[in-house]
Amino acid sequence: MFGRAKTLLLGAIVASFVLQLLSGYINPYYLDVLTGIGINIILAVSLNLINGYTGQFSLGHAGFMAVGAYTSAAVSIFLGPHFLSALGNGNAAISVLFLLALLTGGIVAAIAGIFVGAPSLRLKGDYLAIVTLGFGEIIRVIFRNIPSLGGALGLNGIPDYTNLFWVFSFAALTIYAVTAMVNSTFGRGFLAVHDNEVAAEAMGLNPTKYKMVAFVVGAFFAGIAGGLYGHFKMSIDPKGFGFLKSIEIVVMVILGGMGNTVGVIIAAIVLTLLPEVLRPVEDYRMIIYSLLLIILMLVRPQGLFTPRKRALAERKTT
Amino acid sequence: MSEPQRTLLQLTNCTIRFGGLTAVSALNFEIDREELVGLIGPNGAGKTTVFNVITGVYCPTEGDVSFSGESLVGRKPHQITAHGIARTFQNIRLFGSMSVADNVRVAFHRHVASGVLSGLWRGRAFHNEEKRVASEVTEMLEIFHLGKFHDTPAQSLSYGDQRRLEIARALATKPKLLLLDEPAAGMNASEKIELMRLIQFIKDKYKIAVLLVEHDMKVVMGICERIAVLDYGEKIAEGSPADVRKNPKVIAAYLGNEN
């Protein structure tokens, strides 16, 4: 038995491949928007594991994204030429190189996740948010001060390896990984830690372990997203991974409904499209965007896409 | 050891101080296998503190807590649960947004081999195991008459059902000792009778020891085989329900005179 979930994952990867084959017929502007959507889905769904399912409010996602972006960019800029000259400049060689660069970025981000998580996950709520926020800023400052990575000017000349196939394959993989993890007896522990940490511990769950797993897996996919972003924009600079980027991802998670993967995916799509749709009213774009967020939070604080039944059940107790 | 020891849990000279306050002083107390013991005493006598020491929430200032011959001092609550002690809470602590079935399912996790990686791969072993857990959960819910609430969020259950779910969840960790912290609180007379039957049933079916903290004397006297009485952190009496009821110290400190 191969399983329905894995079949779906494989289907999504094949679909991404077909989409890539058709990309020649897509207007470059739409291509950009689509890529942005895919990257944001990876970021939002992976943050949802930390903030939504496990209930650990992290504001450091852009920091992990930066780690992944810089690491994978460094791999393809500094190691890429050697690698390609050894293997020939074929498409297959480039694909292998890019995959390696992305995975390296993800793994280094995950290791950063361990270092940040180990001391800070003892903290709860606002305190954790502030510590992760601090981490994000530290990362930004570190990259600004490494001359070989471009310093404040940023790193330029990253090859444009990112395409729709990679973006949507990894988006599918992120969705699969998070959904599969949460939907198991082991994975229900993430929700249990969220709902009641004291009770979770009394049931023999190790809350620290769950938070750590969520943090590391979340950081890994943020790192992948960073790598895709770097090889898509072809240039990255520390400013792009600031506090505002983290907030943007958090907003997607909150708007989609904490711990509701489908909702978060839709929110990632909507919030990527919204600024684009509002382009004709350029001057008022950010004002309208912010106003919409305020209205949405007032009207649907449980998230735009959380089913009514659950929302009602939640209201009952409050 | 060929034969397991009779004593399951042993508190030796257990003292807990919070700053200048001695919540429990030099308590010696033990529970045998498959024994149903009650712990009573006026409010603030230190009953819940004893619970918290046994479950690892607090560390005893002095003395030792041992379970099946092993010291529990310094272990974390989740490690102690893994050793075979499960508890319920005085103020119900369910996983409110999760379904009734998932509340129990999560507690089974210790008896599941699969973790992150097999959860990602979802091979045959994983599916078989999940199926086994699902049927164990359903069975557990049926025993506790919660079967019809399988997919209901736990927080929308009635109070009595929530209490029962909490006990079911604790049992799902497959403990050797079950600690119940005021399970009858807030229940009406018929629910209390139902609860007494349930506790007796659990003890017989799962062959576990139960420690019951409870204010309702009908419940305590009705089912406990042995009762310990705490007052100001000290054990003032211990014995069968009939003995404890007649003990003048207990009457003065807690039960009061019936006339």
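Read-outs: derived from the displayed coordinates by stated rules, not from any lab. On a predicted model such as this, the values are computed, not experimentally measured, just so you know. Backbone-built Cβ (ideal geometry, glycine too); neighbour counts: all protein chains shown.
Exposed loop sites here mean GluC sites (Glu not before Pro) with a DSSP loop assignment and at most 15 other beta-carbon atoms within 10 Å; chain B contains its longest site-free run at B:1-224. Positive contributions from Lys and Arg (+1) and negative ones from Asp and Glu (-1), summed over other residues with Cβ under 12 Å from the Cβ of A:ALA118, come out at +3.
Taken as Cα centroids, the range B:137-201 and the range A:110-135 sit 37 Å apart, rounded to the nearest whole angstrom.
Per residue of chain A, what 222 nm ellipticity follows from adding -39500 (n - 2.57) for every DSSP H run with n ≥ 4, rounded to the nearest 500?
Details: 14 runs with 227 residues, N = 318.
Computed ellipticity for chain A at 222 nm equals -23500 deg cm²/dmol.
Cross-link pairs exceeding 24 Å in C-alpha to C-alpha distance, out of A:LYS124/A:LYS245; B:LYS47/B:LYS205; B:LYS192/B:LYS235; A:LYS209/B:LYS174; A:LYS6/A:LYS233; A:LYS6/A:LYS209, comprise B:LYS47/B:LYS205; B:LYS192/B:LYS235; A:LYS6/A:LYS233; A:LYS6/A:LYS209. With the charge dipole of the protein assembly as shown set up from +1 on Lys and Arg Cβ and -1 on Asp and Glu Cβ about the Cα centre, the Cα lying farthest toward the positive end among the listed residues A:ASN156, B:PHE126, A:PHE232 is that of A:PHE232. The residues neighbouring B:ALA172, those whose beta-carbon lies less than 10 Å from its own, together hold a net charge of +3 under the Lys/Arg +1, Asp/Glu -1 convention.
Tell me the net charge near A:LYS233. Cut-off is 12 Å between Cβ atoms, A:LYS233 excluded, with +1 for each Lys or Arg and -1 for each Asp or Glu. Can you show the working numbers first?
Working: positive: none; negative: A:ASP32, A:ASP160, A:ASP237.
Residues near A:LYS233 contribute -3 overall.
Along the axis of the charge dipole computed for chain A (Cβ charges of +1 for Lys and Arg, -1 for Asp and Glu, origin at the Cα centre), the listed residues A:PHE168, A:PHE190, A:MET212 are led at the positive end by A:PHE190. Taken over the C-alpha atoms, the protein assembly as shown has Rg and Dmax values of 28.3, 100 angstrom. For B:ASN43 and B:GLU194, the FRET efficiency from 1/(1 + (r/R0)^6), where r spans their Cβ atoms and R0 equals 30 Å, is about 0.75.
For the protein assembly as shown, the Cβ-based charge dipole about the Cα centre amounts to some 580 debye (Lys, Arg positive; Asp, Glu negative; other atoms uncharged).
For A:LEU22 and A:VAL141 in one chain, what is 0.36 nm times their gap in residues minus the Cα-Cα distance, to one decimal in nm? Walk me through the intermediate numbers first.
On the way: separation 119, 0.36 × 119 = 42.84 nm, distance 4.02 nm.
So the extension gain works out to 38.8 nm.
Placing +1 on the Cβ of every Lys and Arg and -1 on the Cβ of every Asp and Glu, with nothing else charged, gives chain B a dipole about its Cα centre of roughly 520 debye. About its Cα centre, the dipole of the range A:27-242 is roughly 200 debye, where the only charges are +1 on Lys and Arg Cβ and -1 on Asp and Glu Cβ. Take the Cα of B:ALA185, step 7 Å toward its Cβ, do the same at A:LEU298, and the gap between the two points is 4.0 nm. With a Förster radius of 56 Å applied to the C-beta separation of A:ILE111 and B:LYS218, the computed FRET efficiency comes to 0.40. The residues A:TRP166, B:TRP121, when put in order of fewest to most other Cβ atoms within 10 Å, stand as B:TRP121, A:TRP166. Ranking B:GLN155, B:ASN247, B:GLY19 by Cα position along the charge dipole of chain B, where only Lys, Arg, Asp and Glu carry charges on their C-beta atoms, puts B:GLN155 farthest toward the positive end.
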